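For reference, the structure discussed in these notes is given below.
Nothing in this text is a laboratory measurement; each read-out follows from the coordinates by a stated rule. If you're wondering where the values come from, they're calculated on a predicted model, not measured in any experiment. Neighbour counts run over all protein chains shown; Cβ positions are idealised from the backbone, glycine included.
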Amino acid sequence: MYTSETALRAFREARHAFIAGSRIDMGALAADLGVDRTSLFRWVGNRDRLLSEVLWSLAVPTLDAARRDAAGSGASRLVDVLARFTADLIEAPYFRGFLQREPARALRLLTTTDSDVQSRFVHAVTELVAAEQDSGAFDPAPLSAEELARLLVRISESFTYADLISGETPDPARARATFEYVLRPATRPTASAHAPSIGDR
């Protein structure tokens, strides 16, 4: 996040434009601030970096709200937090507008291994998993907390950006069902539980 007053001012202007559904234009932003583009780039970096900061600044309160409102503990809490967060992204008009305006850039900034947004999201989910692990309410084994977090982030992404990735309509209910499937494997009947043994035949 930016620390200087000038950079923060530029960031706030960009964030306001993004929430309003407008494309962040570096030239227009510089003009609004009464500076040249060189100064703007010096303060906030290039457009991709600025967009990444704006996107993460909106993701944080969304994730915080999901944490605050989630119920249960252990796997059920992880499911509820991630399902709420994914649903909020799917339903946010300004976020959907960005995906429609700049789909290729959105996927690059949000879902690639070079993405600051994705790395921060993985870190946040790792902390969620570790907190439930430390409380004794959940065990991610055989995966580490970070390995499981990466899988859960990929699931969230696959549903949030389903229209861009596979042409399907993003579906919060299916996202929740998938989180439950992955995090609660013990609730699924296994084939051996129903198949007769050799001795039964």
Gained length - residue 174 relative to residue 94, 0.36 nm times residue gap less alpha-carbon distance: 26.6 nm
Unit Cα scatterers, Debye sum, region 1-45: log10 I(q)/I(0) for q = 0.19, 0.26 Å⁻¹: -0.50, -0.93
Order of 126, 86 - criterion: other Cβ atoms within 10 Å of each residue's Cβ, fewest first: 126, 86
Pair residue 147, residue 8: separation of 7 Å Cα→Cβ label points (nm): 4.2 nm
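Quote the relative contact order of region 1-107 in percent (integer), defining contacts as alpha-carbon pairs under 8 Å separated by 6+ residues.
Rounded, it is 27 percent for region 1-107.
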Expected-Rg normalisation [2.2 N^0.38 Å, Cα atoms] applied to region 1-132: 1.15
Net length gained if the chain between residue 134 and residue 166 were fully extended (0.36 nm per residue, minus Cα distance): 7.8 nm
Dipole magnitude (debye, nearest 20) for the chain, charges at Cβ of Lys, Arg, Asp, Glu: 280 debye
Residue among 27, 161, 178 farthest towards the positive dipole end of the chain, charges placed on Cβ: 27
Cα centre as origin, Lys/Arg/Asp/Glu Cβ charges: region 16-73 dipole, Debye: 100 debye
Residue exposure sequence - 178, 6, 169 - by fewest surrounding Cβ within 10 Å: 169, 6, 178
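Can you show me the helix-derived [θ] at 222 nm for the chain, built from DSSP H runs with n ≥ 4 at -39,500 (n - 2.57) apiece and divided by the number of residues, rounded to the nearest 500. Could you put the intermediate results ahead of the total?
Numbers: 12 runs with 145 residues, N = 201.
The helix-only estimate for the chain comes to -22500 deg cm²/dmol at 222 nm.
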Contact order normalised by residue count of region 46-185, Cα under 8 Å, 6+ apart, percent: 27 percent
Axial C-alpha extent at least 18 Å, average Kyte-Doolittle at least 0.5 - helices from the chain (DSSP): 74-91
